[in-house]
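Each reported figure results from applying straightforward, stated rules to the coordinates on display, with no laboratory input. Just so we're clear, the structure is a prediction, and the values are computed from it rather than from any experiment. Quick reminder, even Gly has a Cβ in these numbers, built from the backbone with ideal geometry, and neighbours come from all protein chains shown.
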Amino acid sequence: MMLRRGFVLFLPRLVGLLVVACCLVSIVYMLACTPKGDNQQLALPRVHSPTAKEGYEAILQEREEQHRNYIISLKKQITQLKAELQGRSEQLKNAQDQYPDPLDIQLDHSNPEKAQANLLAFLRSQIDKAEVHTGVKLSTEYAAVPFESFTLQKVYQLETGLTRHPEEKPVRKDKRDELIEVIELAVGSLNNPEGDSNAKHHVYTASDFIEGIYRTEKDKGTLYELTFKGDTKHQFKKIVLFRPFGPVMRVKNENVNMADTLINVIVPLAKRASKFRQFMQNFREMGIQQDGRIHLTVVYFGKEQMNEVKSILENTSKSANFKNFTFIQLNEEFSRGKGLDIGARFWKGSNVVLFFCDVDIYFTAEFLNSCRLNTQPGKKVFYPVLFSQYNPSIIYGHHDSIPSLEQQLIIKKETGFWRDFGFGMTCQYRSDFINIGGFDLDIKGWGGEDVHLYRKYLHSNLIVIRTPVRGLFHLWHEKQCPDELTPEQYKMCMQSKAMNEGSHGQLGMLVFKQEIETHLHRQKLSSKKT
């Protein structure tokens, strides 16, 4: 009974709420559906006005006209896009027909004329792709490919490294032959001009060549611009040549299994027990724990600190359960070449990859794989260019503390340099080392023996792989150049020492340290006065 009475009392309130909700919905609907003009909202005609019907018809007609115009505009845009797409498709098809894709070029021996035509078409397309006739929009100033210039005698180059000079005679045979060929072609072109071959003209020789510039876009080719003397003082002859690069050709596709390829790391040593302890930490982590296919041969000269070195080796053996090591002791004066030679010949197992290493080297597990992949018995030897660390005290002198060794091993201009004048760290099969004749044992002390071995390989038929590697570092240490070295060895040692300390900018800051401190002091005083 009470429930029925409550319901009767609540019913009028519910009806009122529904009426209010319907009114609100109607108002919202009218606001949302009211048609708008271009600049202002169209006023609704009054319901009881005699023009109400005409007003609504006008509004509907205007809205219909707006939709019709919008549809016409969309149709025009679609038609234009279709026409543009068809034009682009035809351009692409014509370009593909004229300049075949390098991957689609097949040297069909059954139809040599077609193969030759396809190749010539591709080579001609390289000229159009290269920056020869017109410029190319570049994103930054660093994206430009610079030219290098040359004369009959010298090459003037930007990328000098540490072993090349801004001005030098072309040492590499391929570069020398390249420039000679280009000059000869240009002279031939000048002496055989297009047109009347019977007309008398000046006979050009290489002595008429003034200078040339050239640059290489590595996916297209090399552009040469050569200038010769003309008929009068202020006249010149200019020849533009282009050597297009051919299509990429597959040479080899093979699986390489290095699971059983052992590396014998040979380290000659005298004293330097603390450095050997640091080396063994790196050897344990990268060689034993991460790689696991490694042998260590230590050739030790003398007896001083020998027990400490043997103790470090034995402790590593016990803690890491590592038995693949050999310790050879020699009671004579240290000779790096002799130590490496004895270590290599001491091996009695099957053919093995030798990694000639020093105690101040840090390597990664990735480098050990590079060592395996870039050597092949009777075919290839590996001469990596390692990254040499600058003096950490100079690099991090403005920091509160010097970072850990692992944090220091960053390849940047401020932290070190590519040691492209060093040939001491190398990987090669033992059979190749024995066949080439090993080291020159007459060389004593520091330096020279590695260059001599490197030259032997260059004079042989083996392929020498020379490349910078990201996983091989020379750790900074103070270098001593003893007086007993020969003048040539001492000079090499001092050059190496000078390169080791810091970058050009960092050493410059040391030179001008007093000047900088004086400037800062003056600035501090002037700020106090103000």
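Details
- Added length on full extension, which subtracts the Cα-Cα distance from 0.36 nm per residue, Glu314 to Arg215: 30.0 nm
- Here Lys137 and Val248 are evaluated by their C-beta separation; at R0 = 22 Å the FRET efficiency comes out at 0.30.
- Stretchable slack from Thr486 to Arg293, in nm (0.36 nm times residue separation minus alpha-carbon distance): 65.5 nm
- Between the amide H of Leu330 and those of Tyr300, Phe301, Gly302, distances stay under 5 Å, these residues lying 5 or more places away or on another chain, with hydrogens modeled in the peptide plane.
- Cα shape, region 263-508, gyration tensor, a/c 1.5 rule: rounded
- Estimated distance in nm for a label pair at Asn69 and Leu85, the labels positioned 7 Å out from Cα along Cα-to-Cβ: 2.8
- Taking 0.36 nm per residue of separation and subtracting the current Cα-Cα distance, fully stretching the chain between Leu405 and Leu119 would add 97.7 nm.
- Given R0 = 51 Å, the distance between the Cβ atoms of Lys479 and His202 translates into a calculated FRET efficiency of 0.30.
- Counted by Cβ distance under 14 Å from Phe327, the other residues give a net charge of +1, where Lys and Arg count +1 and Asp and Glu count -1.
- Glu178-Trp418 pseudo-label distance in nm [points 7 Å out on the Cα-to-Cβ vector]: 1.5
- For region 423-430, Karplus couplings with θ = phi - 60° (6.51, -1.76, 1.60), whole Hz, Gly/Pro x: 10, x, 8, 8, 10, 7, 6, 4
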